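I have placed the structure first, in the form of structure tokens, so that the comments after it can refer back to it.
The values are calculated or read from the model by the stated rules, or taken from the named source; none is laboratory data. Note that the structure is predicted; figures quoted are calculated from it, not measured. Glycine also receives a Cβ, built like all others from the backbone with ideal geometry; neighbour counts cover every protein chain displayed.
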Amino acid sequence: MIPVLLNYTTKSEQTLSCRVVAPDFFGFGRSDKPRQDAAYNFDLHRDAMVDLIESLNLTNITLVVQDCGGLIGLTLPITDPRRFKRLIVMNTTIGSGAGNSQAVLDWIAYISSTPDLDVADLMDKLGHHLSEDEKRAYRAPLPDDTYKGGVRRFPQMLND
């Protein structure tokens, strides 16, 4: 889920003048997804974001990145800085060149070696304490291991 917060409090009857574009990366949502793990790589995701920005001719962008999305999202303003006005960076990885901690390497190894990873159980283990309805929502787009290539490959991009 991608949260979008809007302030509807206004002293006039004017309409909102901004739009929100909230894409999800391939392999996570309910849309069609490649079935081969090798299809999921940094270039696929980054090129898709660049194409989206260009095809919608987005300007004056407030780019919000969170979690693993920062790995890709933070490279976008470098491509065409004229399109971007603000960055909001939350809970993400910023490459420093120092390499990953052993805990991150262990997490990547676990995700990569668990073909039928239950994403809802993983979120629960990370301390999110999901309700049964929330768990069903996490599981819905990923009914079996053939749909989980993006889930398996995305963490590996931290090491690529």
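Key figures for this structure:
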quantity: Candidates 61, 78, 88, 72 - the one that is within 21 Å of residue 20 (Cβ to Cβ), at pLDDT 85 or above and surrounded by fewer than 13 Cβ atoms within 10 Å (Cβ to Cβ); calculated: 88
quantity: Residue within the range 78-90 that is touching a His at 6+ places or on another chain (Cβ under 7 Å), of a type in the set (A, V, I, L, M) and either in contact (Cβ under 8 Å) with a residue 24 or more places away in the chain or within 21 Å of residue 33 (Cα to Cα) (or both) present; calculated: no
quantity: Output for the range 106-119, where each listed residue is assigned to a loop (DSSP other than H, G, I, E, B) and small (Gly, Ala, Ser); calculated: 113
quantity: Of the criteria (1) at pLDDT below 90; (2) surrounded by 11 or more Cβ atoms within 10 Å (Cβ to Cβ); (3) outside any helix (DSSP H, G or I), which one residue 13 fails; calculated: (2)
quantity: Candidate set: the range 120-149, residues that are part of a helix (DSSP H, G or I) and touching a Pro at 6+ places or on another chain (Cβ under 8 Å); chosen: the one nearest to residue 67 (Cα to Cα); calculated: 149
quantity: Contacts under 8 angstrom Cβ, first residue in the range 18-35 being closer than 19 Å to residue 72 by Cα, partner among the aliphatic types (A, V, I, L, M) and part of a loop (DSSP other than H, G, I, E, B), 6 or more apart; calculated: 20/4; 20/6; 21/56; 21/58; 22/2; 22/4; 24/2
